Amino acid sequence: MATLKALPGLLAALCMGAPALAAAKDVVPVVQASGVDPEYRVNPGDELDILVWGDERLQRLVRVLPDGTLNFPLAGRVSAANRTVREIALQIRDNLAPNYREAPPDVTVAVREATGMRFYVMGKVRTPGGFASGRSVNVLQALSMAGGLAEFADVKNAIILRQTAQGQTVEPVRLSRVLKGARKMDTGRLDVPLPVLGAGDVLVIP
């Protein structure tokens with residue numbers, strides 16, 4: 001009788017735990033460096049952890065070369081710049097395939113250090129300098145990382161210095177309207193998205 005009386009309580013506990021159990025079952029582990037966006041695009045200079053499952057000899061810490069490639073045993077030269085870690089892992093796996101009679105082993109690639117994604121904030125900010133990030137950073141986020149505006153900062157004439165294949169370019173940045181918030185902006189989607197800084201870009205606040 002005691003067991004029958006306890007049965008409703010046990011059923012209730014199981015029902016309450018069911019969603020948690022289902023959620024745990026649906027979780028897919030993602031191997032990625034802490035703080036790095038899985039969709040982060042790799043840059044020259046980044047350090048990558050590469051692991052071929054089942055073969056400890058093929059575990060390497062690799063730095064992406066200035067030309068955007070990396071070298072990996074049995075896989076040769078692999079294009080890495082402007083690709084996600086998932087894309088790089090699939091490319092290495094494809095390159096390894098001819099070395100295996102059966103299906104090639106799984107490959108895991110993770111960003112150890114996103115040092116290649118380094119941008120700079122100069123001028124009238126509290127802590128000017130270079131900053132590294134494992135995710136895309138817009139100009140306001142970059143300004144926050146630099147400690148915010150210093151006294152007498154001229155946000156109306158802020159610019160981004162950007163190195164392109166055609167040479168260095170200057171891009172004006174309209175920060176004053178955004179920094180004034182709701183006083184100058186309507187709610188809803190921005191007509192013009194905030195510029196995103198890339199590797200080597202310099203945000204200048206005169």
If Leu143 passes every condition in (1) farther than 22 Å from Gly45 by Cβ; (2) free of Cβ contacts under 8 Å to residues at least 40 places away in the same chain; (3) of a type in the set (A, V, I, L, M) but one, which one does it miss?
(2)
Go through (1) over 17 Å from the mean Cα position of the chain (by Cα); (2) closer than 30 Å to Arg162 by Cα and name the single condition Glu113 misses.
(1)
Of all residues in the stretch 118-169, count the ones that are assigned to a loop (DSSP other than H, G, I, E, B) and closer than 21 Å to Val64 by Cα.
5
If the requirement is being modelled with pLDDT under 95, over 20 Å from Val52 (Cα atoms) and in contact with a Ser or Thr (Cβ under 6 Å, 6 or more places away or on another chain), which of these qualifies: Val155, Val137?
Val155
Looking at the stretch 77-87 only, could you name the residues that are crowded, with 18+ Cβ neighbours inside 10 Å and assigned to a strand (DSSP E or B)?
Val78
State the number of residues belonging to the stretch 169-206 that are over 16 Å from Leu149 (Cβ atoms), surrounded by 10 or more Cβ atoms within 10 Å (Cβ to Cβ), modelled with pLDDT of 80 or more and not hydrophobic (A, V, I, L, M, F, W, C).
7
Across the stretch 46-76, which residue is modelled with the lowest pLDDT among those that are surrounded by 19 or more Cβ atoms within 10 Å (Cβ to Cβ) and either on the phi > 0 side of the Ramachandran plot or part of a loop (DSSP other than H, G, I, E, B) (or both)?
Asp46
Looking at (1) within 21 Å of Val36 (Cβ to Cβ); (2) over 19 Å from the mean Cα position of the chain (by Cα); (3) of a type in the set (Val, Ile, Thr), which is the one condition that is false for Ile160?
(1)
What are the pairs with Cβ atoms under 9 angstrom where one residue, in the stretch 75-87, is in the same structural domain as Val64 (by TED's automatic domain parsing) and of a type in the set (S, T, N, Q) and the other, located anywhere, is in a helix (DSSP H, G or I) and modelled with pLDDT of 95 or more? Sequence gap at least six, or different chains.
Ser79/Ile88; Ser79/Gln91
With the requirement that a residue be at pLDDT below 90 and either under 15 Å from Gly76 (Cα atoms) or part of a strand (DSSP E or B) (or both), what does the stretch 88-117 give you?
Glu113
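The values are calculated or read from the model by the stated rules, or taken from the named source; none is laboratory data. What you see is a predicted model, and the numbers here were worked out from it, not measured in a lab. Cβ: placed from backbone, ideal geometry, glycine included. Neighbour counts: every protein chain shown.
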